[in-house]
Amino acid sequence: MISLEGTELASIVKKQCAADASDFLSRFGRKPLLAVVLIGSNPSSRSYVFGKRKACDLVGIDHRDLFFPSEMTEPGLLELIDGLNTDDDVDGILVQLPLPKHINESKVINRILPSKDVDGFTPINMGNLLLGNPCLAPCTPKGILKMLDYYGISTDSKDVCIIGRSNIVGKPLSAMLLQKDRNATVTVCHSLTSNIRPHVAESDIVITAVGKPGIIDASMVKPGAAVIDVGITRVEDPSSPKGYHWAGDADYESVSRVCGAITPVPGGVGPMTIAMLMSNTVDAAFMRKGIKR
Ligand code: NAP
């Protein structure tokens, strides 16, 4: 059984990003710049934003942190994005989700200039992704594919089961796997799938992005299959010094005994998501100068 170490690969990707960011600095006299917008004080969102800031510092990407209280209005946020869109020093714009309920998320995402949309969430980037055109692709699916490539797990003619159909993981990942450079046969399950078990059991690669610990156990998985666990849930745990631990969707203990490869949680998909955000930001900076890496 191979443990798919996202932390290790993410560090390789970030080293390459650092070399590219330094090349950008020497050519254009400034570092690539990522603007991060955070509305409100959701602790998970804050911790994700701090993780992204740390990665920027490591790679040599400037970051502009734009933090506002949850009372920020939708017109106020749209105006802020308009300003970032036209600011020539800004290469990437990331709006940390979720937004407070009074702000329409899709309206906000749609306002981001596609060339600065380093999350790959705008309709233009999603549309190009579906069509197989060059685009800034969402970081989590991109990180998953990078990890499969790194560990030599081909998707060619493989049966792949994705559990979860969110706009940030399941949907874009299914589109990427269907392209002619991946050639997977893709099944996407969701909360109204009558029974996920037979779909999982037939699959060579299972990618779960639900956020429910234990939804995948050993009895469901085909022996030798690769299991990519995107889910990450904080579970209260009085036996742990912190009082909690992080759990993936797959029951790691049992699944790791039958599968051929599995991502740990934490330390699997999560670090890859941040590494691909760094990569997209450097790509966006070069593309805005007319250079495709
Ligand atoms: P989401 O938007 O809440 O989507 C969850 C998906 O799971 C939905 O499509 C839902 O179906 C489906 N689902 C719920 N219960 C199910 C069940 N019993 N059987 C089958 N499908 C079920 O979540 P998300 O944003 O994609 O994130 C999913 C998980 O991945 C979370 O734990 C999140 O924290 C984690 N995540 C991690 C990273 C990373 O970098 N490590 C990145 C993104 C997300 P419906 O569509 O029918 O509701």
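The values are calculated or read from the model by the stated rules, or taken from the named source; none is laboratory data. Here the structure is a predicted model, which is why all the values come from computation and not from measurement. Neighbour counts are summed over all protein chains in view; Cβ atoms, including those assigned to glycine, are modelled from backbone coordinates with ideal geometry. What goes into the accessible areas is simple: the full protein's heavy atoms, side chains included, and nothing from ligands, DNA or RNA. Shrake-Rupley method; radii C 1.70, N 1.55, O 1.52, S 1.80 Å.
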If we keep just the residues of segment 262-271 that are on the phi < 0 side of the Ramachandran plot and more than 7 Å from the ligand (Cβ to nearest atom), which is most open to solvent (accessible area, probe 1.4 Å)? Pro266
Go through (1) more than 19 Å from Pro141 (Cα to Cα); (2) assigned to a loop (DSSP other than H, G, I, E, B) for Asn183 and report which single condition fails. (1)
Matching option when the condition is surrounded by fewer than 19 Cβ atoms within 10 Å (Cβ to Cβ) and under 15 Å from the mean Cα position of the chain (by Cα), among Asn167, Asn183, Asn195: Asn167
Among the residues of segment 201-220 satisfying the criterion of being crowded, with 24+ Cβ neighbours inside 10 Å and more than 9 Å from the ligand (Cβ to nearest atom), which is nearest to the chain's Cα centre (by Cα)? Ile207
Is it the case, given these coordinates, that Leu84 is under 24 Å from Gly270 (Cβ atoms) and in contact with a strand residue (DSSP E or B) (Cβ under 9 Å, 6 or more places away or on another chain)? no
Those residues of segment 8-37 that are open to solvent by 80 Å² or more (accessible area, probe 1.4 Å) and within 22 Å of Tyr252 (Cβ to Cβ) come to a total of 1
Within segment 221-236, the residues that are among the small types (Gly, Ala, Ser) and within 9 Å of the ligand (Cβ to nearest atom) are Gly231
Taking segment 225-260 and the residues there that are farther than 20 Å from Gly211 by Cα and not in a loop (DSSP other than H, G, I, E, B), the one that is most open to solvent (accessible area, probe 1.4 Å) would be Arg257
Looking at segment 61-80 only, could you name the residues that are in contact with a Lys or Arg (Cβ under 9 Å, 6 or more places away or on another chain), crowded, with 20+ Cβ neighbours inside 10 Å and within 26 Å of Gly290 (Cα to Cα)? Ile61, His63
When both residues are 6+ apart or on different chains and their Cβ atoms are under 8 Å apart, which pairs have a first residue that lies in segment 148-166 and is among the hydroxyl-bearing types (Ser, Thr, Tyr), and a second that is in a strand (DSSP E or B) and open to solvent by 30 Å² or more (accessible area, probe 1.4 Å)? Tyr151/Ile2; Ser157/Thr185
